[in-house]
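Here is the structure we will look at.
Nothing in this text is a laboratory measurement; each read-out follows from the coordinates by a stated rule. Predicted model, so just to flag it, every value in this text is computed and none were measured. As a convention, Cβ positions derive from the backbone with ideal geometry for all residues, glycine included, and neighbour counts pool all protein chains shown.
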Amino acid sequence: TAVYRADYQAPAWWIDTVELTFDLDPAKTRVLNRMRVRRNPDVPAQALRLDGDELNLARVMVNGGGTSFKMEGDQLVLENLPEGDAPVELEIFTTCAPAKNTKLMGLYVSEDTFFTQCEAEGFRRITYFLDRPDVMAMYTVTLRASKAQYPVLLSNGNLVESGDLEDGRHFAKWVDPHKKPCYLFALVAGKLVAREQHIKSRAGNEHLLQVYVRPGDLEKTEHAMNSLMHSIAWDEARFGLSLDLERFMIVATSDFNMGAMENKGLNIFNTKYVLANQATATDTDYFNIESVVGHEYFHNWTGDRVTCRDWFQLSLKEGLTVFRDQEFSMDMAGSASARAVKRIDDVRVLRTVQFPEDAGPMAHPVRPDSYIEINNFYTVTIYEKGAEVVRMQHNLVGREGFARGMKLYFERHDGHAVTCDDFSQAIADANPDSPLAQHLPQFRRWYSQAGTPVLKAVGLYDAAAQTYTLTLSQRCAPTVGQPEKLPFVIPVQMGLISASGQEIALRLQGEDTAQAAKSRMLVLAEAEQRFVFTNVTEAPVPSLLRSFSAPVVLECDFSDAELLTLLAHDSDPFNQWEASQRLGLRYALKAITAPADAADTDSQPGAQLLPAAFMQALREVLGNDKLDAAFKDLVLTLPSESYIAEQLAEVDPQRVHAVREAMQLQLATALQADWEALWLAHSDTGAYRPDHVSAGRRALAGRALTMLCLASAQSGDTVWPGKAYQRCKDAGNMTDRSSALSALIYSASPLAAQALQRFHALFQQDALVLDKWFALQGSACDRGGNVLPAVKTLMKHPDFQIKNPNRARSLIFSFCNNPGAFHRTDAAGYVFWADRVIEIDGFNPQVAARLARVMDRWKKLAEPYRTAAQAAIERVAAKPNLSNDVREVITRALAD
Ligand code: ARG
Ligand code: ZN
């Protein structure tokens with residue numbers, strides 16, 4: 001059944017203190033929970049209803065004596081508690097079975113170690129509780145376990161006592177000095193080792209930082225520890241927020257549903273976002289670790305100190321914390337162009353994943369109005385679009401204004417559970433003269449209305465009057481339950497560029513002409529507004545939405561020539577890149593929608609889909625010494641198949657695939673000399689360092705090698721595949737090794753099989769590298785339907801374990817997100833998908849529901865895909881005992 005935001009009510013009871021005692025045993029863990037509870041004087045007297053899930057209840061006591069209670073569904077209901085405001089001592093004794101917990105929510109065992117995951121509603125799988133984020137308590141936790149099997153016993157806060165017990169057992173007692181909602185509770189127990197670091201904060205306080213991993217992995221924790229230290233320093237410098245704990249711990253586990261979790265003082269991480277050395281981790285892994293370590297650390301203030309009133313406010317902490325981690329990564333990246341590369345990466349995720357979500361059956365506002373299963377709402381809309389909504393507020397009040405707003409936010413709300421409205425109110429109140437304060441009620445539509453707005457721009461140059469009139473208008477398509485949309489507040493950072501590439505001074509009619517900047521922000525707050533620029537001496541090309549200043553689709557009738565001007569001259573690197581993408585997308589769509597006989601891409605794979613002027617512009621980008629390698633690599637990356645598909649009313653995935661591959665081939669063959677030169681200039685990256693400059697060089701070298709192998713496959717030449725094979729063998733780092741392997745697979749080289757075999761033999765002990773090995777094969781470029789049979793064979797490989805989420809994602813999710821391989825005319829990809837959703841739902845509904853989302857856009861498919869997709873989805877829907885998680889996704893997909 002659904003939960004509605006409008007139904008929010010304050011809790012009838014508060015829980016002030018919690019004393020938990022665990023006797024840890026994988027088969028049967030005993031949990032004693034002593035709480036001091038009291039009635040909330042602000043609401044009418046009610047029974048105390050505690051949440052539980054898969055618990056065995058042994059005993060309930062009230063103020064030291066017996067009590068009556070009843071069960072209503074999963075809730076434990078206490079109706080006869082003493083009346084009045086006095087606190088009540090409640091004691092609840094339960095047991096649970098961590099070894100059988102395959103959902104990985106609550107208390108579970110991974111590789112003989114105990115871990116917890118409580119967000120959003122996992123704490124109720126540990127003990128009966130008011131499992132909601134607005135109930136904040138002080139925690140004291142005692143862990144008891146076999147000393148030989150579980151030498152390390154961790155929980156939130158400070159270790160106050162530890163020692164030996166009888167029968168080879170020992171204990172540790174932890175006290176968290178901060179009150180917290182139960183979703184931030186954590187415990188870890190097992191054989192772990194830690195990298196330690198003592199630091200002194202700006203304020204002069206000493207802190208102990210620890211990164212816990214399994215014995216043998218210690219040498220892979222240096223980057224995570226450095227990332228943590230950088231995060232701490234950054235939050236102090238940028239926002240004046242210091243670490244409020246004596247001890248801060250990160251623990252890595254290889255069985256984890258998500259990326260990581262910000263439990264107070266005891267962050268639990270997927271190993272993927274902790275472990276790295278140059279032999280096993282790629283540059284992308286290094287950057288992801290920095291960003292996720294930062295993200296979880298930043299939650300200590302935005303999430304833990306100030307938390308969410310209810311789960312509808314999830315983006316209050318997630319959108320804000322993603323914004324903070326993005327800013328952190330940009331500040332760490334340093335140079336302006338490295339910042340732009342990070343921004344482009346973030347926008348690509350938004351456009352390729354969030355925009356489709358906003359247009360599909362799971363569309364929801366950044367602050368949803370209802371949900372069936374909250375786990376389904378840890379989405380790119382809550383996280384990434386939420387971060388864009390925070391970024392727009394940042395842009396509307398400026399960098400200093402935003403810091404002021406954050407300060408006010410903490411002054412008002414530290415220690416409380418609050419709402420998205422509280423956040424925007426604080427930012428606006430700290431900046432009363434800002435456009436945000438001016439338009440706050442309209443701005444908040446970003447939180448309440450789902451869907452991606454379309455921003456339409458029409459420019460008109462009047463040579464006689466020397467004016468340029470820019471008319472901006474907006475519209476937003478209906479989404480589930482929201483047929484009409486009101487106008488959003490859209491900040492449009494912009495500039496004007498002359499045909500020769502000069503930035504034109506911007507003089508807006510009616511404004512003081514003295515302050516003519518070359519880049520400025522326009523604020524569109526109505527359905528349509530006109531902006532007149534004066535003293536414009538020649539027809540300009542508008543550069544709109546610089547740095548992607550709002551999460552919208554920009555519609556503007558650029559000619560090819562205008563886009564080439566922006567690609568060559570725009571001072572905003574984001575829009576420079578954007579111009580290349582618009583052109584690439586334009587040519588792809590033209591070929592896809594052309595009558596089949598005109599663009600015969602199947603029979604003529606070398607068809608010239610990209611015109612000479614565009615190829616020449618790309619050549620100039622590649623040869624431009626002033627541009628960073630990472631930026632060049634992004635310009636030469638064609639829009640993805642799923643992004644192209646999203647622009648079409650009806651999608652034939654095989655046609656999209658064929659056209660994009662034909663474009664790739666043209667890039668490979670027509671620019672062959674350029675790729676060779678790039679390879680020569682960039683392939684030797686010297687001693688490995690995961691910094692942005694050398695990572696960019698490796699990325700561009702990897703692309704060059706892929707292109708050269710692709711061209712070779714066409715000509716029958718064996719030199720480049722030979723070089724790629726050699727690099728697979730000898731590379732000094734995982735980035736070069738895996739990109740060479742990927743080049744062989746992508747170009748369907750006969751050497752690929754042997755290279756894969758060698759790679760496996762070399763890394764069979766390393767779970768995270770094996771994930772890459774599976775993922776490379778699941779995402780291989782399809783040739784005559786060869787990927788699905790390979791995936792089916794790999795599922796029988798001794799190293800494949802479907803119950804491990806990382807491994808399941810590496811093979812199954814990679815395949816289902818590989819459009820050319822997944823969408824088959826024989827429907828076998830969809831049959832495989834349905835089988836896996838049903839199989840995984842049997843033990844881990846959260847992971848199954850993620851996989852179910854792959855079919856979100858099925859209604860856009862052309863026949864025969866559409867009918868086959870529907871049949872597969874209906875087969876899942878017909879399965880009895882489907883989890884709420886999968887049921888919600890599937891029901892929405894089938895609804896009209
Ligand atoms: N709060 C965590 C993070 O973003 C993610 C937790 C996800 N949990 C879940 N049950 N979906 O850092
Ligand atoms: Zn988060």
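Note the full-extension length gain between residue 718 and residue 519 as 0.36 nm times their separation in residues minus their Cα-Cα distance, in nm to one decimal.
Values: separation 199, 0.36 × 199 = 71.64 nm, distance 5.01 nm.
Working it through step by step, the gained length comes to 66.6 nm.
One quarter of the convex hull surface, Cα atoms only: what value does that give for region 778-892 in nm²? The partial results should precede the final answer.
Working: hull surface 26.6 nm².
The number I arrive at for region 778-892 is 6.7 nm².
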How big is region 130-175 on each of its three principal axes, counting only the C-alpha atoms and giving the largest first in Å? 40, 19, 15
For residue 187, what residues show an amide H to amide H distance below 5 Å, using hydrogens built from the backbone and excluding near sequence neighbours? 116
Between residue 414 and residue 640, what FRET efficiency comes out of the Förster formula 1/(1 + (r/R0)^6) with R0 = 35 Å and r the beta carbon distance, rounded to 0.05? 0.25
Just round it to a whole percent: the fraction of Cα-Cα distances in region 293-398 exceeding 23 Å. 28
What relative contact order, as a whole-number percentage, does region 125-261 give when Cα pairs under 8 Å and 6 or more residues apart are counted? 21
Report the Cα-based extents of region 159-241 along its three principal axes, largest first, to the nearest Å. 51, 35, 26
Run the Debye formula on the Cα coordinates of region 21-76, all scatterers equal and no solvent, and tell me log10 I(q)/I(0) at q = 0.20, 0.21, 0.29 1/Å. -0.98, -1.05, -1.39
Roughly how many debye, to the nearest 20, is the charge dipole of region 165-297 about its Cα centre, given +1 on each Lys and Arg Cβ, -1 on each Asp and Glu Cβ, and no other charges? 260
Report, in whole Å, the centroid distance computed from the Cα atoms of region 138-153 and region 728-806. 40
Any idea which of 662, 150, 182 is furthest toward the positive side of the dipole for the chain, if Lys and Arg beta-carbons carry +1 and Asp and Glu beta-carbons -1? 150
Which far-off residues, 5 or more places away or on another chain, put their amide H under 5 Å from the one on residue 158, with H placed in the peptide plane? 175, 176
Would you pull out the residues with amide H under 5 Å of residue 455's amide H, same chain only if 5 or more places away, H placed 1.01 Å from N? 553, 554, 555
If the label point is 7 Å along Cα→Cβ of residue 34, which residues in region 110-153 have backbone nitrogen under 13 Å from it? 140-142
For q = 0.10, 0.16, 0.20 Å⁻¹, Debye-computed log10 I/I(0) when each Cα of region 75-206 counts as one equal scatterer: -0.42, -0.99, -1.35
Give me the distance between the Cα centres of region 607-645 and region 510-584, rounded to whole Å. 21
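Need the full-extension length gain, residue 198 to residue 803, defined as separation in residues times 0.36 nm minus the C-alpha distance. One decimal, nm. Could you put the intermediate results ahead of the total?
Details: separation 605, 0.36 × 605 = 217.80 nm, distance 3.74 nm.
Taking 0.36 nm per residue and subtracting the Cα distance, the gain is 214.1 nm.
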Contour minus Cα-Cα distance for residue 502 and residue 484 (0.36 nm per residue): 2.3 nm
For the chain, what does -39500 (n - 2.57) per DSSP helix run (n ≥ 4), summed and divided by total residues, give at 222 nm, in deg cm²/dmol to the nearest 500? -12000 deg cm²/dmol
With r defined as the distance between the Cβ atoms of residue 764 and residue 167 and R0 fixed at 35 Å, what FRET efficiency is calculated, to the nearest 0.05? 0.35
Over the Cα atoms of region 246-305, what radius of gyration and what Dmax do you get, in Å? 11.7, 38
Residues 391, 530 in order from fewest to most other beta-carbon atoms within 10 Å are 530, 391
For region 363-442 and region 280-318, compute the distance between their C-alpha centroids and round to whole Å. 16
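Based only on Cα atoms, what Rg/Rh ratio does region 655-719 have, Rh being taken as Kirkwood's radius? Walk me through the numbers before you get to the answer.
Working: Rg = 13.4 Å, Rh = 12.7 Å.
That ratio is 1.06, to two decimals.
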Just to be sure I understand the curve: with the Debye formula and one point per C-alpha of region 5-47, what is log10 I(q)/I(0) at q = 0.20, 0.31, 0.33 Å⁻¹? -0.73, -1.04, -1.09
Residue by residue through region 104-120, what is 3J(HN,Hα) from phi via Karplus (6.51 cos²θ - 1.76 cosθ + 1.60, θ = phi - 60°)? Round to whole Hz and write x for glycine and proline. 6, 10, x, 9, 9, 10, 10, 6, 6, 10, 7, 9, 10, 9, 9, 6, 8
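Hey, what D do you get for the chain in µm²/s if you plug the Kirkwood alpha-carbon radius into Stokes-Einstein at 37 °C and 0.692 mPa s?
Values: Rh = 29.3 Å.
Rounded, D is 112 µm²/s.
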Percentage relative contact order, the chain, counting C-alpha pairs under 8 Å, at least six apart: 8
For the chain, longest principal axis from Cα atoms; helix 767-778 axis from its Cα atoms; angle between them, nearest 10 degrees, is 40
Just want to confirm a number: the relative contact order over region 605-708, from Cα pairs under 8 angstrom separated by 6+ residues, in percent. 38
Three-way shape label, region 528-602, alpha-carbon gyration tensor, a/c 1.5: prolate
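Going by how many other beta carbons lie within 10 Å of each one, how would you line up 803, 272, fewest first?
On the way: 803 13, 272 23.
Lowest to highest Cβ neighbour count: 803, 272.
Using r as the Cβ-Cβ distance of residue 458 and residue 863, and R0 as 45 Å, what FRET efficiency do you calculate, to the nearest 0.05? Write out the running numbers ahead of the final one.
Numbers: r = 37 Å, r/R0 = 0.83.
For R0 = 45 Å, the calculated efficiency reads 0.75.
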HN-Hα couplings for region 869-876 via Karplus (6.51, -1.76, 1.60; θ = phi - 60°), in whole Hz with x for Gly/Pro, come out as 5, 4, 4, 5, 5, 5, 5, 5
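What is the magnitude of the charge dipole of the chain about its Cα centre, with +1 placed on the Cβ of each Lys and Arg, -1 on the Cβ of each Asp and Glu, and no other charges, expressed in debye to the nearest 20? Please report the intermediate quantities before stating the final value.
Values: 93 positive and 111 negative charges, 198 e Å.
The dipole magnitude comes to about 960 debye.
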Below 26 Å, Cα to Cα, which lysines can residue 860 reach? Residues fewer than 8 away in the same chain don't count. 385, 456, 485, 590, 879
